[in-house]
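Q: First, the structure itself, so that you have it in front of you.
The values are calculated or read from the model by the stated rules, or taken from the named source; none is laboratory data. Note that the coordinates shown come from a computational prediction; the quantities given were computed from them, not determined experimentally. Note that each Cβ is placed from the backbone with ideal geometry, even for glycine, and that neighbours are counted across all protein chains shown. Side chains included, ligands, DNA and RNA excluded: accessible areas come from the protein's heavy atoms. Shrake-Rupley method; radii C 1.70, N 1.55, O 1.52, S 1.80 Å.
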Amino acid sequence: MSNDTIMAFCKPQPVVAVEDTYWGYLIRSHKGESFGFIMLQSASLVLGMVCLVMALGVVTLTPLMFGVALTPFRMAVVALLGAVAAYLLWFASRGTRTEIHIDTSIREIHEVIRNRAGRPTILGTHDFAKITEILIHRDDANGTALLVLQGNDTVLSICIAMASAPRLDALHDRLARDVIGDPRVT
């Protein structure tokens, strides 16, 4: 294995990656998720497995220990525990990295999270007409900036990426041109 191959393998990923597609483009921010979110997914995995084992225990151990068939009450408990387990395990298997899809063909923005197998789950869909501003919030203390899309009502605020301000300038101009149709941006 050559030294160039090793260096290419260890090359750090860019903080913000834009990938063009036939319908628009994807914006992936490679910043890590918060520790709290990772712990929440881990806790939901453990609780989901506990609920699943409890549901199986009610189904199998109750007739064996007491010699009684499953009553409607026990079946309801099994169904409830199974539903809670399914929901918790679904949340635990959900990915941790969000990406933004700018769909210029139908003029929509999709907030998407991918699970570990690569299947997407759409968290939210917003029309281009609702977006009125594209801002870069600069944090001079640590040298980072945050690229945010905002609507005319203060409720709509979509965080696109976090990186150094010069890295976000080109993305800001492209979003302003595509989403808002800003004629000042060429």
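Q: How charged is the neighbourhood of Leu26? Take every other residue with its Cβ under 12 Å from the Cβ of Leu26, and add Lys/Arg as +1 and Asp/Glu as -1.
A: Its environment carries a net charge of -2.
Q: Moving to a separate point now. Give the span of the range 58-186's Cα atoms along each principal axis, as three whole-Å numbers ordered largest to smallest.
A: Result, largest extent first: 78, 35, 29 Å.
Q: Could you list which residues have their amide H under 5 Å from that of Ile160, counting only those 5 or more apart in sequence or on another chain, with H placed in the peptide plane?
A: Amide H neighbours of Ile160: Leu147, Val148, Leu149.
Q: Cβ neighbours within 10 Å, averaged per peptide: list 109-115, 165-171 in order, most packed at the top.
A: 109-115, 165-171
Q: In terms of modelled amide H atoms, which long-range or inter-chain residues lie less than 5 Å from the amide H of Asn115?
A: So Asn115 has HN proximity to Gly95, Thr121.
Q: May I pose another question? At a threshold of 8 angstrom on Cα-Cα distance, excluding pairs fewer than six apart, so keeping six or more, what relative contact order does the range 57-134 reach in percent?
A: 17 percent
Q: Long-range amide H contacts for Thr132: which residues qualify at under 5 Å (H placed 1.01 Å from N, peptide plane, sequence gap of 5 or more or a different chain)?
A: Under 5 Å from the amide H of Thr132 lie the amide H atoms of Gln150, Gly151, Asn152, each far enough along the sequence or on another chain.
Q: A further question on this structure: Leaving out ligands, DNA and RNA, what percent of the accessible area of the range 15-134 is carbon and sulfur, probe 1.4 Å?
A: 68 percent
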